Amino acid sequence: MPADMEVDRAPATDINTSPTGPSPNPTTPTFKTTVSHQPFYYFAITLAASAPAPAIDAAQYHAYIALVLRQWLGAVGGAVPVDVLHYAYPQATVRVPFDRRQAVWQAVTVTPFRLLGSDATASFR
């Protein structure tokens with residue numbers, strides 16, 4: 001090693017320290033964990049009808065979502081659990097399993113359907 005080079009001999013960082021300060025027990029290292037898998041995904045969807053249609057209740061709203069899932073995804077898609085958490089016609093907040101969110105969103109936004117008791121067609125947005 002050349003004589004004109006200096007070597008920094010600063011002590012290594014202590015394993016028991018973190019950005020928020022030392023751990024409560026200096027003999028135990030501090031670890032942080034991030035949860036990356038969420039069990040559910042939440043959608044805010046709106047029912048859009050081609051003509052004025054009578055207001056529907058939350059059970060009918062849920063039935064239309066199940067109908068659309070069966071039409072687009074078949075019997076397996078119709079079995080996806082969908083929960084209507086908040087409903088105020090024509091908008092709703094729904095919860096679906098996180099791993100099925102893309103399929104549900106595609107089915108809900110692409111598939112039109114006919115409202116019962118009316119000649120209007122409708123779709124979700």
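The values are calculated or read from the model by the stated rules, or taken from the named source; none is laboratory data. Here the structure is a predicted model, which means the values were calculated and not measured. Reconstructed Cβ throughout: ideal geometry from the backbone, glycine too, with neighbour counts over all protein chains shown. We work out accessible area using only protein heavy atoms, side chains counted, and drop any ligands, DNA or RNA first. Shrake-Rupley method; radii C 1.70, N 1.55, O 1.52, S 1.80 Å.
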Under-5 Å amide H pairs with Phe40, H placed in peptide plane, nonlocal only: Phe98
For segment 90-100, in residue order, the Karplus 3J(HN,Hα) values (coefficients 6.51, -1.76, 1.60; θ = phi - 60°; whole Hz; Gly and Pro = x) are x, 10, 8, 10, 10, 10, 10, x, 4, 6, 10
In segment 86-125, the chymotrypsin sites (Phe, Trp or Tyr not before Pro) that sit in a DSSP loop and have at most 14 other Cβ atoms within 10 Å of their own Cβ are none
Dipole magnitude of segment 52-125 about its Cα centre, charges +1 at Lys/Arg Cβ and -1 at Asp/Glu Cβ only, in debye to the nearest 20? 160 debye
Taking all protein chains as present, what is the carbon and sulfur share of the accessible area of segment 59-125, in % to the nearest whole number, probe 1.4 Å? 54 percent
